[in-house]
Amino acid sequence: MTYSLVAHDREARQWGVAVQSKFLAVGSIVPWAEPDVGAIATQAYANPRFGPQGLALLREGLSAQEVVDRLVAADAEPEERQLGVVDAQGRAAAWTGSACTEWAGHRTGDGYAAQGNMLVSVVERDAGYAKLSDVLVDLRVDDHETPIEELRRLVELHQRR
């Protein structure tokens, strides 16, 4: 699973990208940002050219939506891609191709675009404890020296039931 967030903080005049994935070294492919220009995240079957090409288009003054439209239109496999862009003014746009893995989608708002794939809800009718709850699983690691390992341990415990 992969999810990313591109965002703009108007007051601080900062742009950034956050990403999480099972894909090793995801930080070398997904995030792209430049001060006073914008931020870009390319994921799913990521196109690493989207980063430099998108930043170049943003430098030319194109809006986030125009950048998304141009990158997607010029791509040989757009239906495999996800893309989020925030421009210098904080306008956001995103794309999720129809061939991305289940579940894939995006949300945009003032100053941000969030993308995710291989994400699913953890609620299901009567699937929780004693079939009296709709929460299938709710695992948390609030404070731990090795949170990923602890979460892995909890998932394994949950799957044993």
(message) Between Ile148 and Arg59, what is the label-point separation in nm under the 7 Å Cα-to-beta-carbon projection?
(response) 3.3
(request) Could you sort 126-139, 59-72, 15-28 so that the peptide with the highest average Cβ count within 10 Å comes first and the rest follow in order? (result) 59-72, 15-28, 126-139
(request) For Rg and Dmax of the Cα atoms in Å, several values are listed as [x] 26.3, 87; [y] 18.0, 58; [z] 15.0, 42; flag the one computed from this structure. (result) [y]
(request) Only Lys, Arg, Asp and Glu count, each charged at its Cβ (+1, +1, -1, -1), so figure out the dipole size of the chain about its Cα centre, rounded to 20 debye. (result) 220
(request) Counting helices only, and only those DSSP H runs with n ≥ 4, report the 222 nm mean residue ellipticity of the chain as the sum of -39,500 (n - 2.57) divided by its residues, in deg cm²/dmol to the nearest 500. (result) -6500 deg cm²/dmol
(request) Please give the helix 64-74 orientation as an angle from the longest Cα principal axis of the chain, in degrees from 0 to 90, rounded to the nearest 10. (result) 90
(message) For segment 116-161, what does the relative contact order come out to in percent, with C-alpha contacts under 8 Å and a separation of six or more?
(response) 22
(message) Only Cα pairs within less than 10 Å get springs; with that Gaussian network setup on the chain, which residue of Trp32, Trp95, Trp103 has the largest fluctuation?
(response) Trp103
(request) Enter the angle in degrees (range 0 to 90, nearest 10) between the Cα long axis of helix 50-59 and the first principal axis of the Cα atoms of the chain, meaning the one along which they spread out most. (result) 50
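No value in this document is a laboratory result; all are computed from the given coordinates. Quick caveat: nothing in here was measured; it's all calculated off a predicted structure. As a convention, Cβ positions derive from the backbone with ideal geometry for all residues, glycine included, and neighbour counts pool all protein chains shown.
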